[in-house]
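See below for the structure under consideration.
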Amino acid sequence: MDTEAAQALFDRLETVDIAFMIGEWWGREVATGHPMDGSLQLARWHGKTFIDADNVHPLVHLDGQGRKFFADPGKMPFGPRMKTPHYPDWMLPVLRAAMKAYTQTMKSRARLRMTEYRGKVSATMCYDQLPIHDVFRKLDDNNVLGLMDMKRMARPYVFTLAREGTPGFDFSAP
């Protein structure tokens, strides 16, 4: 799916409120040709945890044993020119362990607010330390489509979230 198709789908979807987003969600990117495509998978991103409107863990990752940990986005290499790096497979376990040691936190690093984006008001995750807003729209009762809007980034990064314990959204289903 390209960015324009993802945005057209997003524009057709129903909005969600903050209460809808509370809970644990697992995620996956929607490949659109964005320079960040593959970066979250490389970092073993798992999803997001929404405790309440003022306490959100925006980056839940998996360590080498498959255990979840919260990462501090302020210590991650985000930026408008970010591109997914490419490392040899043998190097990934060492890099991921170092990333966990450097970024792990128990502090909330985002919050939820209702904001207007692309003409509709919907639940939006606002990062505490970065100029990033993740805006959500409802795919079904257990899945949302998210657009990551970052200051000075030409187009949004696209991803989905599914409630923990439920299947992810199938874009190929009729």
(message) Where the second residue is in a strand (DSSP E or B) and hydroxyl-bearing (S, T, Y) and the first is open to solvent by less than 40 Å² (accessible area, probe 1.4 Å) and modelled with pLDDT under 95 and lies in the stretch 39-55, which pairs have Cβ atoms under 9 Å and are six or more apart or on separate chains?
(response) S39/Y157; L40/Y157
(request) Go through (1) closer than 23 Å to E116 by Cα; (2) at pLDDT 95 or above; (3) buried (at least 17 other Cβ atoms within 10 Å of the Cβ) and name the single condition E24 misses. (result) (1)
(request) Could you please let me know if R152 is on the phi > 0 side of the Ramachandran plot and more than 15 Å from the chain's Cα centre (by Cα)? (result) yes
(message) So E116 passes all but one of these: (1) closer than 20 Å to K151 by Cβ; (2) modelled with pLDDT under 95; (3) not small (G, A, S). Which condition number does it fail?
(response) (2)
(request) Could you tell me which residue of the stretch 1-21 is most open to solvent (accessible area, probe 1.4 Å), considering only residues that are of a type in the set (A, V, I, L, M, F, W, C) and farther than 21 Å from S172 by Cα? (result) A19
(request) Of the numbered conditions (1) among the basic types (K, R); (2) modelled with pLDDT of 65 or more; (3) in a loop (DSSP other than H, G, I, E, B), K83 fails exactly one; give the number of that condition. (result) (2)
(request) For the stretch 1-76, please list each of the strands (runs of 3 or more DSSP E) lying entirely inside it that holds at least 3 residues being on the phi < 0 side of the Ramachandran plot and out of contact with any Leu (no Cβ under 9 Å at 6 or more places or on another chain). (result) 55-62
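The values are calculated or read from the model by the stated rules, or taken from the named source; none is laboratory data. Everything quoted here is computed from the prediction, not taken from an experiment. Every residue, glycine as well, gets a Cβ built from its backbone with ideal geometry; the counts of neighbours run over all protein chains shown. For the accessible areas, the whole protein counts, side chains as well, though only heavy atoms, and no ligand, DNA or RNA atoms are used. Shrake-Rupley method; radii C 1.70, N 1.55, O 1.52, S 1.80 Å.
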